[in-house]
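As structure tokens, the structure follows; a few thoughts come after it.
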Amino acid sequence: MTQVILILLGGVALLFIVAQISILLHKRKQLGREVENLKGAVGEAVRTGDRVIAYFYAPSCPVSRTQTPIIDKLAAELQNVFSIDITEEFEAARAIGIHTTPAIVIFEGGEIRDVLEGHTSEQMLREALL
């Protein structure tokens, strides 16, 4: 019985590791990529080459609901911070390759500089913006 439990725990740990590697590989693939199909104010801001922060969220996502106040605070302090509801603007999320919410995409020079997935503390987000 103990061996079965250990095998199951090992399997779960292996699945977790594979999932983390998959996320990292997906992120690496996105970095440095230009996104040409972005429309609206976000697309215009990205095309200027300035730093742009695009926050992708879903209103039904509990983690997004905790992340949104942090983003709203930064939006009051910084320029070019956009909140994008993926339930209304699915094509924008798809063009960038967003697979989870919340996700924060930092553009610079028209290219994706960084992608932060899941909840990100205000301090970590400010460090990523430096």
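Taken together, the values in this text are just the output of simple stated rules run on the coordinates, not laboratory data. Nothing here was measured: the structure is a model prediction, and the numbers come from that model. FYI the Cβ positions are ideal-geometry reconstructions off the backbone, even for glycines, and counts take in every protein chain you see.
May I ask for the net charge around Thr120, where only other residues with Cβ less than 11 Å from the Cβ of Thr120 are counted and Lys, Arg are +1 while Asp, Glu are -1? Could you put the intermediate results ahead of the total?
Working: positive: Arg126; negative: Asp114, Glu117, Glu122, Glu127.
That works out to -3.
Rg/Rh for the chain (Cα atoms only, Rh after Kirkwood) is 1.07.
Say a site is exposed when it is one of the trypsin sites (Lys or Arg not before Pro), sits in a DSSP loop, and has at most 14 other Cβ atoms within 10 Å; what is then the longest site-free stretch of the chain?
40-130
Dipole of the chain computed with +1 at Lys/Arg Cβ and -1 at Asp/Glu Cβ about the Cα centre; of Gly10, Pro69, Ala54, farthest Cα towards the positive end is Gly10. Between the Cα long axis of helix 62-77 and the first principal axis of the chain there is an angle of about 30°, rounded to the nearest 10. With the charge dipole of the stretch 57-125 set up from +1 on Lys and Arg Cβ and -1 on Asp and Glu Cβ about the Cα centre, the Cα lying farthest toward the positive end among the listed residues Gly109, Met124, Gln79 is that of Met124. Contact order for the chain, expressed relative to its length and based on alpha carbon pairs under 8 Å spaced 6+ residues apart, stands at 31 percent.
For Phe56, what charge total do you get from the other residues with a beta carbon under 10 Å from its beta carbon, if Lys and Arg give +1 and Asp and Glu give -1? Before the final figure, lay out each step's value.
On the way: positive: none; negative: Asp85, Glu89, Glu117.
Net charge around Phe56: -3.
Pairs of Cα atoms in the stretch 58-114 fall into 5 Å distance bins, from 0 up to the last occupied one, in shares of 4, 17, 27, 27, 21, 4, 0 percent.
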